[in-house]
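> Sharing a structure, written as structure tokens. Questions coming.
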């Protein structure tokens, strides 16, 4: 990939990193809903049970302070500008004050349900919604923590995310034409912004995303995403990263927890699931696009990875 003559090495890597992230996220289409806006005075409590598979709730703390609590006893302080995502739909509680439930009143707003209470303590403003993923996203979501916290306050690199949260807040209150469509588009961008912000803030990144965050492995992951149909060998991928074969294999396994061949299979099966859900190509054609000349071999690997064969997966995607 060529670089701009005025782009330094750090900027070039940042662009390369984000382009690879874009390719990875493109394999995981989602639907999103911004449902509720909470105007609460302390004490208040949001007590959410486990969400259904493929549903990832999120909360954006526009103003105020609160505590996040998970069933395993994990607690984290939340402040204005913080965003919390639950990739696997984990049960959680978010509270302010002593968390004593105060009766909540629900009224329809211009675009969202507005929840208010009679708490007389410090005020909080919270936007609540959900991301909905297809089953092909399960391997990626499993690599993320139960609760993913992104802190935008005093983080210049997260100015875009902070701006989107501000726009969501403004449009949620707006009665101007097109507000509903703008809310939908902003919400769709939110997952990518949250994931990017978390990757930039997290000291430890697991699984496939660890490969994405490891500068020396970037060329290999980018190549697998760009050309999943190619019969990549360990030597090919090591050469792209300017490493010896053994060094590359050791570093890749240390980052991803699995060898490159398994990551390549995961990416291929995610792409295949996406193409099957779109419904425009037959299984044999899709198998060829992700590197399988034999339809029988493709069917076998797909069923092992997704639990059902390509035909059943397509039918389930259509019915869903």
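Throughout, read-outs are computed from the coordinates displayed, never taken from laboratory work. All values reported here derive from a predicted model rather than from experimental measurement. So basically every Cβ, Gly included, is an ideal-geometry build from the backbone, and we count neighbours across all protein chains shown.
> Starting with the fewest neighbours, write out 198, 44 ranked by other beta-carbon atoms found within 10 Å of each beta-carbon.
198, 44
> Can you give the calculated 222 nm mean residue ellipticity of the chain, where each DSSP H run of n ≥ 4 adds -39,500 (n - 2.57) and the sum is split over every residue, rounded to the nearest 500 deg cm²/dmol?
-14000 deg cm²/dmol
> Tell me the relative contact order for the chain as a rounded percent, counting alpha carbon contacts under 8 Å between residues six or more apart.
Numbers: 527 pairs, mean separation 56.2, N = 320.
Across the chain, relative contact order equals 18 percent.
> To test your reading of the geometry: what angle, between 0 and 90 degrees and rounded to tens, separates the Cα axis of helix 260-278 from the longest principal axis of the chain?
On a 0 to 90 degree scale, this one is about 70.
> What's the exposure ranking of 165, 114, going from fewest to most Cβ atoms within 10 Å?
In order of increasing Cβ crowding within 10 Å: 114, 165.
> Using the Kirkwood radius built from alpha carbon pairs, what does the Stokes-Einstein equation give as D for the stretch 99-232 at 37 °C and 0.692 mPa s, in µm² per second?
Rounded, D is 181 µm²/s.
> If you split all Cα-Cα distances of the stretch 279-320 into 10 Å bins from zero, what percentages do you get per bin, shortest first?
Final binned percentages: 31, 57, 11.
> Given the chain, what percent of its DSSP beta bridges are antiparallel, to the nearest 5?
Around 90 percent antiparallel, to the nearest 5.
> Per q in 0.13, 0.16, 0.21 1/Å, what log10 I(q)/I(0) does a Debye calculation on the alpha-carbon atoms of the stretch 226-299 return?
Calculated log10 I(q)/I(0) at the listed q: -0.44, -0.62, -0.89.
> Over 27 Å, how big is the tail of the calculated P(r) for the stretch 23-203, in percent of all Cα pairs?
Above the 27 Å cut-off, the stretch 23-203 has 23 percent of its Cα pairs.
> Moving to a separate point now. Using a Gaussian network model on the chain with a 10 Å cutoff between Cα atoms, which of 61, 127, 281 fluctuates the most?
281
> So what is the relative contact order of the stretch 79-188, in percent, for Cα pairs below 8 Å that sit 6 or more residues apart?
37
> When only alpha-carbon atoms are used, what values of Rg and Dmax, in angstrom, describe the chain?
Computed over the Cα atoms of the chain, radius of gyration and Dmax are 21.7, 67 Å.
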